[in-house]
1. Past 32 Å, Cα to Cα: identify those pairs from LYS144/LYS224; LYS161/LYS303; LYS161/LYS224, in the order given.
2. If you take the beta carbon distance between ARG85 and ARG106 as r and set R0 to 22 Å, what does 1/(1 + (r/R0)^6) give as a FRET efficiency, to the nearest 0.05?
3. Between ASP217 and GLU233, what length in nm is gained on full extension when 0.36 nm per residue of separation is reduced by their alpha carbon distance?
4. Once you list every other residue whose beta carbon is under 14 Å from the beta carbon of LEU87, what net charge do they have if Lys and Arg are +1 and Asp and Glu are -1?
5. Taking θ = phi - 60°, what integer Hz values does the Karplus form 6.51 cos²θ - 1.76 cosθ + 1.60 yield along the stretch 175-190, in sequence order, with x for Gly and Pro?
6. Place the peptides 374-382, 154-162, 316-324 in order of packing, highest mean first, counting for every residue the other Cβ atoms within 10 Å and averaging per peptide.
7. Could you work out how far apart the two model spin labels at THR269 and LEU304 are, taking each label as a point 7 Å from the Cα in the direction of the beta carbon, and quote it in nm?
8. Per 0.36 nm of contour for each residue apart, how much would the distance between VAL178 and LEU145 grow if the chain were fully extended, relative to their Cα-Cα spacing?
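Every number here is computed from the coordinates shown, using simple stated rules; none is lab data. Since this is a predicted model, take the numbers as computed values, not measurements. Here the Cβ positions follow ideal geometry from the backbone for every residue, glycine too, while neighbour counts run over all protein chains shown.
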Amino acid sequence: MKQCPLTSGVVTSLGGNPKRVAIKTRGVDTWHSDIGTVDLLRVCLLCKAAFGIELATEPQMEFSAHKGTTSISLVRDALQGAELRGLDVATVLSHAHIDPRLLDQRYARVPAGTFSRLWIALADLLDDEFFAADSHPLRRGSFKLMAQLALGCDTIGQALKRILAFLRTALDDIYGSVECDGEYAAIVIHDHGESRRAFCYGAWLVLVHGLLCWLCDRRIPIVKLSMRPPQPEDDSDYRMRFCEEIEWRAERTSAVFEKNVLEYKVCQTLSTLPLFLKGTPSNFLVKYRNDDSTSITIRRRLKLLSPHTWPELDELARDLSMSSSTLQRRLYAEGFTYQRLKDNLRRDISISLLCRAGMTVDGVASEVGFIETSAFHRAFKKWTGITPGAYRRSLRSPRGG
């Protein structure tokens, strides 16, 4: 473990666009002048990667670019239950800071924190923590009660059985079971009749998997995900959250993981539960997502660098101790090219920066590596379907339908 004079740190910004940063360590202020927003993000990430130190930030400094974004198609899916009941989704969208006009943009995305706010607002509106995806609502407070029940277990295997029993009692149409085969175990989702939307299965798995990960304080890797529905036009959100190997139009819906996970010890307590619940659903949407793929490994590396200095494919392959062709094949197997991966990260950083007051569109373009603002405009519209200015207005000025 590397030694570092930092034992803790607090990052503060001076002004809307962080031009200077103060890192307070052991009572001493160290000043970094003329630091850009992306550089600030990199300082925090480097401290965490090199020394395991979390630098706290001011509340207004949300690192949404590094939490990722969510496709607008998932936003539409989340709203469907409320819309079918004729409820006022405009209020929900306003609470989550999502302009309804974004719903018509095929490639639009929202920060992960925005989708978390949407989940909470819908749960409040519906009195249902499962998006009205079952004929019987998962009433507000159900997840808290489920977590409390699971905390009475010694192992993840015991907790999983208790969680599945609770959900089978709470819901009418969908339930889960555990099956073991050799070195692997699977959570199998059962339902009645026709296959449901992929979103329904995904939301159910997020609740179960997220709680299990928190209980043992580690991410439980999913080896393979099988889904009954057809593949969505964009399944990147599912691959990002669960795993790269997804079988669509499968005979049944299941999530496979290593059997020894069932023996993991439950290390959380009732005293740690309030903090976990305070952070839901953001914590299990982001903290326990799939971080093991080649594309995520590369994305983590790029986050530590300025977009101006991102390496070429050959250089990156050497750093990863593999040939360029091997790296390309691995990325292709995950549905990526290196260029697409870089574009996606630029998109996510851009969306994050556009949410900040005081950051001009020209400044955002420069931060993410564009020399000409006009080129950034064209690229951003290709990524999201709208211009940077329109995107900023849509996030800052939500309006009803």
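1. In this structure, LYS161/LYS303 lie more than 32 Å apart at Cα.
2. The computed FRET efficiency comes out at 0.30.
3. Using 0.36 nm per residue and subtracting the Cα-Cα distance, I get 2.4 nm.
4. Net charge around LEU87: -4.
5. Listing the rounded values in order: 8, x, 9, 10, 10, 10, 8, x, 7, 10, 10, 9, 8, 9, 9, 10 Hz.
6. 154-162, 374-382, 316-324
7. So the label points at THR269 and LEU304 sit 3.5 nm apart.
8. 9.8 nm
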